[in-house]
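Written out below as structure tokens is the structure these notes cover.
The values are calculated or read from the model by the stated rules, or taken from the named source; none is laboratory data. Keep in mind it's a predicted model, so treat the numbers as computed, not measured. Note that each Cβ is placed from the backbone with ideal geometry, even for glycine, and that neighbours are counted across all protein chains shown. With ligands, DNA and RNA removed, areas are computed over all heavy atoms of the protein, side chains included. Shrake-Rupley method; radii C 1.70, N 1.55, O 1.52, S 1.80 Å.
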Amino acid sequence: LTSPDSFVRNEAINGLMKANGETITLLTQALQSRDQETRARAALALFSDRQAPDIALPALTVALGDPAAEVRANAVRAIGAYYFEDSEHARSVIPQIAALLNDKNNDVKNGAAEALRNINLKPATPKL
């Protein structure tokens, strides 16, 4: 993930997309890369994996403010997918997602709308 070669970094992320939940920490670290494509692919991998939300969601929430639209779009879609699985934690991030409905990029706007729909489709599971 730290290779200077973008092809190598992207192939590493592709491999992590197929791996288990222990790789989530590596993917969240990749969200902090200086390379935009690496950050975007890491967010996409987290969208595909949806494991270890306690580790992934804080990093994805930070990625909502990324300067690259592709990263923001992938991050917001990933958050929506995680929260569809477990919407209990959704309330804290809804304002940030709602703000993306005004983003300049249509993919980000659509991702935000999709995420908000996913969050609202499933009520929070009551604790027993």
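Looking at Ala30, Ala63, can you tell me which residue is surrounded by 18 or more Cβ atoms within 10 Å (Cβ to Cβ) and modelled with pLDDT under 90?
Ala30 is the lone residue from the list that is surrounded by 18 or more Cβ atoms within 10 Å (Cβ to Cβ) and modelled with pLDDT under 90.
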Determine which single condition Asn20 fails, assuming it passes every other condition in (1) at pLDDT 90 or above; (2) open to solvent by 30 Å² or more (accessible area, probe 1.4 Å).
(1)
Specify which of the listed residues (Ala112, Ala90) is at pLDDT below 75, farther than 21 Å from Thr23 by Cβ, within 14 Å of the chain's Cα centre (by Cα) and not in a loop (DSSP other than H, G, I, E, B).
Ala90
